[in-house]
Amino acid sequence: MRTRRPESARREAPPVLDLAKLRGRRWVTRPRPHIDRIASAWLIKRFIDPEATFVFAPPAEFPADAVPFDAPGVELSHHGEDCTFETLVKRAKIGDRRLARLAEVVHEADLRDGKYPHEEARGIDVAIRALLAAMPDDHQVLAQGMTLFEGLFVTTSKKR
């Protein structure tokens, strides 16, 4: 099991995302999407940019017109102890309680730091790894993974 060290904490609060500028865009991330990239893409499509399309490329080849996410050195990525999904939820100011719980599940599945011990984290990790093993096409993995996250979201209680 890998663990990922948190990136250095930011000193100032990042600005809230201007969602109007992010609608109808292409979004780019690294190939072979795993937990955080799939969950972030689902969040983008569900809450930020319903018309979003996704591109996979090595960071050196990111298209200039696309919004980069979950890659080293980009604005919408890991910050401090937060994974990209948590960064997006906070920056977009999405206050749904189900998203707060889902953010904890994504955090634990991605970072495996024991901060949020939810049983769903291990299950979603195994499911995404299975999709990656079975499907060579990143867009297929993304579509199936987004379905998994939609299922997690709609079955998460609004009460905490």
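The values are calculated or read from the model by the stated rules, or taken from the named source; none is laboratory data. A quick note: this is a predicted structure, and the numbers were derived from the prediction, not measured. Every residue, glycine among them, receives a Cβ derived from its backbone with ideal geometry; neighbour counts consider all protein chains shown. Areas reflect the complete protein model, heavy atoms only, side chains present, ligands, DNA and RNA absent. Shrake-Rupley method; radii C 1.70, N 1.55, O 1.52, S 1.80 Å.
Worth a mention:
- Bridge type composition, the chain - antiparallel percent by DSSP, nearest 5: 10
- Net charge dipole, the chain: roughly 420 debye, given to the nearest 20, about the Cα centre with Cβ charges of +1 for Lys and Arg and -1 for Asp and Glu.
- Between Ala100 and Glu75, the C-beta separation translates, for a Förster distance of 22 Å, into a calculated FRET efficiency of about 0.50.
- Mean-position separation - Cα centroids, the stretch 29-75 and the stretch 124-160, in angstrom: 16
- Cα shape, the stretch 18-114, gyration tensor, a/c 1.5 rule: oblate
- Rolling a 1.4 angstrom probe over the stretch 2-134 with all protein chains present gives an accessible area of which 52% lies on carbon and sulfur atoms.
- For the chain, the mean residue ellipticity at 222 nm estimated from helices alone is -13500 deg cm²/dmol, where every DSSP H run of n ≥ 4 contributes -39500 (n - 2.57) and the total is divided by all residues, rounded to the nearest 500.
- Packing order of peptides 90-97, 34-41, highest average first: 34-41, 90-97 (average count of other Cβ atoms within 10 Å over each peptide's residues).
- Average accessible area per residue (Å²) across the stretch 33-160 - probe 1.4 Å, nucleic acids and ligands excluded: 45
- Nonlocal amide H pairs with Phe62, under 5 Å, H built at 1.01 Å: none
- Cα→Cβ-extended label distance, 7 Å offset, between Phe47 and Arg122, nm: 2.7
- Remark: the stretch 120-126, residue by residue, has Karplus-estimated 3J(HN,Hα) of 5, 4, 5, x, 5, 4, 5 Hz, where x stands for each Gly or Pro and the curve is 6.51 cos²θ - 1.76 cosθ + 1.60 at θ = phi - 60°.
- Amide H to amide H distances under 5 Å link Val67 with Arg26, Trp27, Val28, where only residues 5 or more positions off or on other chains count and H is placed in the peptide plane.
- Whole-Hz ³J(HN,Hα) from phi, Karplus 6.51 cos²θ - 1.76 cosθ + 1.60, for the stretch 85-91, glycine and proline x: 4, 5, 4, 5, 4, 5, 5
- Directionally averaged projected area (convex hull, Cα atoms, the stretch 47-160), nm²: 7.9
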